[in-house]
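Written below as structure tokens is the structure these notes are about.
Please treat every number below as a calculation from the coordinates, not as lab data. Predicted, not measured: the structure shown is a model, and the values here were computed from it. Please note: Cβ atoms are built from the backbone with ideal geometry, for glycine as well, and neighbour counts cover all protein chains shown.
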Amino acid sequence: MSDSPGTPVETPENVDTAEAPAESIPPEPSSPASVADRPNETNKHKIDILLKATGNAPIMKQKKWTVEKDKKIGSIIEFIKKYLKLEPSESLFLYVNQAFAPAPDQIVRNLYDCYGSDGKLVLHYCKSQAWG
Amino acid sequence: MGTISWDEFKAFAQSFLTVSDEINDGWAWQGDQDQLAGAFIAKKIKQLLRKQRSLPAEDETDPFEDTSCQTEDNHIAEELNGSQQECTWEYHILYSPSYATPVLFFNVFTSDGHLVPLESLWKGGTQGALQHLRWEALSQQEHPVLRRPYYYLHPCKTAELLNLHQGSSTNPIVTWLSSMGPAIGLHLDIAYGHLVQNQR
């Protein structure tokens, strides 16, 4: 007798406890949350980069660019040089953390993994006659 | 203004070596660290020397500069006409007391022991920068410690470069070397980037 009214009360409790384990971390920690945050989901294979000028480098009208993940740093440097119409003798350097120039054959994804934040990678560039 | 003292140089070089040891990059001290600018860090690797873009026509369009006046200099390899060749690269990072900055000395030898000529290095620069600047950027000089001829990258503008990053860089050697190195085939591993990471 006492069992029958008790059961309906217990049922919601059981449901609650059953739901509790849902808090556990999803099995794919590798999937970057930043990708999902972005409104445009088609850019899964691309990374947003933000190009900022330092020193005497001219600024770029458009600062935010989307590039493919396996884009090499060297080709981004070439792109900026062309965009800013630099002389061939002028050197352009690209930095992460404003202080480390990644090798030209380094790809954007690796840099993003190490230095990216908030779904984008900030790259500072400077124009320098660092020679002679 | 972007310059560093000898003691600072030693400290920055030491933390550079810490990373090198972690990733087995092969940099090591040579020389006498108690003497001002008497020591340097060095690395020797084997890698290909390649011409940036095969500037065609270089051999054909210049019929006057031909074999008749070729001096048989046994110490310097002929200009490398093949597209690629494996060479031994020796990189030395020294301290320049006159500029108060790090300075890069290096030598490149072919597998049979010949020194690679300057002309090939100008062409082989990965950024094309050396090709335009030539003597302004890269020439040969006596190695201050070893007293032998080495190529070196001119340090005149190094302080200027480092000054740009003053405040943002916690290791000027890494900042400078990562900028300059690629022009002469020296690529720093991404792990070195952590040395200059800002504390957030």
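Scan the stretch A:90-132 residue by residue and report those that are free of Cβ contacts under 8 Å to residues at least 40 places away in the same chain and small (Gly, Ala, Ser). The answer is A:99, A:101, A:103, A:117, A:130, A:132. The set of residues in the stretch A:77-132 being assigned to a loop (DSSP other than H, G, I, E, B) and aliphatic (A, V, I, L, M) consists of A:84, A:86, A:99, A:101, A:103, A:130. Within the stretch B:161-172, restricting attention to residues that are more than 7 Å from chain A (Cβ to nearest Cβ) and in contact (Cβ under 8 Å) with a residue 40 or more places away in the chain, the residue that is farthest from residue B:195 (Cα to Cα) is B:163. When the stretch A:88-104 is filtered for residues that are surrounded by fewer than 21 Cβ atoms within 10 Å (Cβ to Cβ) and at the interface with another protein chain (Cβ under 7 Å from one of its Cβ atoms), the ones remaining, listed by number, are A:88, A:89, A:98, A:103, A:104. Select from the stretch A:55-79 the residues that are in contact (Cβ under 8 Å) with a residue 60 or more places away in the chain and away from every other protein chain (no Cβ under 12 Å) and list them in ascending order. Scanning the stretch A:55-79 gives a single hit, A:58.
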